[in-house]
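The values are calculated or read from the model by the stated rules, or taken from the named source; none is laboratory data. All of these numbers come straight from a predicted model, not from anything done at the bench. All Cβ positions, even for glycine, are placed from backbone atoms using ideal geometry, and neighbour counts span all protein chains on display.
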Amino acid sequence: MTSGIRFDGVSVAYGGNTVLDSLDLTVEPGEVMALLGPSGSGKTTALRAVAGFVQPAAGRVFIGGRDVTALPPHRRGIGMVVQQYALFPHMRVEDNVAFGLKAQKVAKGEIPARVGEALAMTGMAAYAKRYPRELSGGQQQRVAIARALAIRPGVLLLDEPLSALDAQLRSGMLVELARLHRELPDVSILYVTHDQVEALTLADRIAVMDRARLQDCGTPQELYRRPRTEFTASFVGNANLLPVTVRAGGVSFAGTELAVSDTDGAADGATATLCVRPHLVGLGEGPNALRGRITEVQWRGSTHRLLVDVGGHDLKADVRELRETPALGDEVTLHFAADDAVLLSADVTAGAPSRATGAAEAPSSTAGAMAGVSDG
Ligand code: ADP
């Protein structure tokens, strides 16, 4: 089954309320695309439009280049896994996994081998005779994944598949999902999550959703290093968002002139927002020095999070290897490199993102989580 998903101007409305607004997005064959956004932003609705469980009010959905907008769910060649496992409680594991194969009228003699193959892929071969109630949450979710894979789908839809698991199981399952994807390099995966760590860890690209609209789309590195909007900057990783005024060759913030490497054509005197990641803010003298007073110190194991009041704005700095812990009220100097500051102009922040609809570059596998993305 060929894979790849394309949303072409897809809108969905419930009772006149648009919950997905003109989505244009392409998931390349073999690519993992995370749909990341807060609750209610339209992520699950987008996924259900691919599955065929909701009918778009406008636009078309393509799978493997074929327009499936009018096809019923069982004819779309998709596997789907949702948060609550949704296994049949009265069926043994093997019968749960065989269910989709029977529905697809796969030849009877072929079914045991296909069930065995899917259970082996998820490490559940030894549990074929058990009932769901005899399994842990993580094991049940593995069975649900096996059931989705048994039909050898071109497209795998995962809707918050880890959110019912505790933190330790979740990180184990993340590793498992990354391995599964390596074993199934042709399957396109659409992964709905509100958890940025899951998105950064698993996805080749992330589509950032907010209020029914696609806000931004790019590789995890692109969105983290060069966010285009304030929403992306604060939702993907941690950010200082400083209100600034654009000046020739830089910006002014709280009465201090700062150098930034790219003002992106913003007009002199325009107001904008400067994004600086907390782990790129250093303590002590350096370029773009800012004086302020410490209002909070949090010890976080490998770093100290300092909150520093600079001209009435709280700046976050995540500092490693502090020789002595600064005290509340101490006056300190912070600094950051011009290259580490990204100017989000008012236009870009308010306007329709142009990059969001762009076609994919060759998907690259991004396994590593990035420094400083998980803390709040
Ligand atoms: P997300 O997955 O990002 O949390 P959803 O796509 O589930 O968001 O929901 C988007 C919006 O659509 C929400 O405001 C939700 O309440 C609404 N919605 C979802 N499903 C239905 C439905 N069947 N009927 C009415 N409103 C719905």
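Conditions tested, residue by residue: (1) surrounded by 14 or more Cβ atoms within 10 Å (Cβ to Cβ); (2) within 16 Å of the ligand (Cβ to nearest atom); (3) in a helix (DSSP H, G or I).
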| residue | (1), (2), (3) |
| --- | --- |
| Leu35 | yes, yes, no |
| Arg60 | yes, no, no |
| Gly79 | yes, no, no |
| Gln83 | yes, yes, no |
| Met91 | yes, no, no |
| Ala98 | yes, no, yes |
| Leu101 | yes, no, yes |
| Ala113 | no, no, yes |
| Ala118 | yes, no, yes |
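Among the residues of the stretch 224-239, those that are surrounded by fewer than 22 Cβ atoms within 10 Å (Cβ to Cβ) and either part of a strand (DSSP E or B) or not charged (D, E, K, R) (or both) comprise Phe231, Ser234, Asn238. Of all positions in the stretch 163-171, at least one carries a residue that is within 16 Å of the ligand (Cβ to nearest atom) and under 20 Å from Ala86 (Cβ atoms). Checking the stated criteria, Ala125 turns out to be at pLDDT below 95 and away from the ligand (no atom under 16 Å from the Cβ).
This table checks each residue for (1) in contact with a Lys or Arg (Cβ under 8 Å, 6 or more places away or on another chain); (2) farther than 21 Å from Glu160 by Cα; (3) at pLDDT below 95.
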{"site": "Val10", "(1), (2), (3)": "yes, yes, no"}
{"site": "Ala34", "(1), (2), (3)": "yes, no, no"}
{"site": "Ala46", "(1), (2), (3)": "no, no, no"}
{"site": "Val54", "(1), (2), (3)": "yes, no, no"}
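Just to check your reading of the model, which residue among Gln221, Gln298 is of a type outside the set (A, V, I, L, M), modelled with pLDDT under 95, assigned to a strand (DSSP E or B) and surrounded by fewer than 22 Cβ atoms within 10 Å (Cβ to Cβ)? Write out each step before concluding.
Numbers: Gln221 fails: assigned to a strand (DSSP E or B).
Residue meeting the stated conditions: Gln298.
Of all the residues in the stretch 39-58, those that are within 9 Å of the ligand (Cβ to nearest atom) and more than 14 Å from Tyr191 (Cα to Cα) number 4.
On inspection, Val54 passes the criterion of being assigned to a loop (DSSP other than H, G, I, E, B) and touching a helix residue (DSSP H, G or I) at 6+ places or on another chain (Cβ under 8 Å). In the stretch 240-255 there is at least one residue matching the filter, namely being surrounded by 13 or more Cβ atoms within 10 Å (Cβ to Cβ), free of Cβ contacts under 8 Å to residues at least 40 places away in the same chain and of a type outside the set (Gly, Ala, Ser). Consider the stretch 8-31 and keep the residues that are touching a helix residue (DSSP H, G or I) at 6+ places or on another chain (Cβ under 8 Å) and of a type outside the set (D, E, K, R). The one that is farthest from the ligand (Cβ to nearest atom) is Leu25.
How many residues are charged (D, E, K, R) and either loosely packed, with under 13 Cβ neighbours inside 10 Å or not assigned by TED's automatic domain parsing to the domain that holds Ala327 (or both) if we restrict to the stretch 258-292? Don't jump to the end; show me each part of the working.
The initial filter retains those residues of the stretch 258-292 that are charged (D, E, K, R), namely 262, 264, 268, 277, 285, 291.
Next, only the ones that are either loosely packed, with under 13 Cβ neighbours inside 10 Å or not assigned by TED's automatic domain parsing to the domain that holds Ala327 (or both) stay: 262, 268, 285.
Adding up the residues that qualify gives 3.
Taking every residue in the stretch 1-26 that is under 15 Å from Ala51 (Cβ atoms) and pairing it with any residue that is of a type in the set (Asp, Glu) and crowded, with 19+ Cβ neighbours inside 10 Å, at least 6 positions away or on another chain, yields no pair with a Cβ-Cβ distance below 6 Å. Beta carbons closer than 7 Å, at least 6 apart along the sequence or on distinct chains, pair a first residue in the stretch 57-68 that is free of Cβ contacts under 8 Å to residues at least 40 places away in the same chain with a second that is in a loop (DSSP other than H, G, I, E, B) and not small (Gly, Ala, Ser) for Val68/Arg76.
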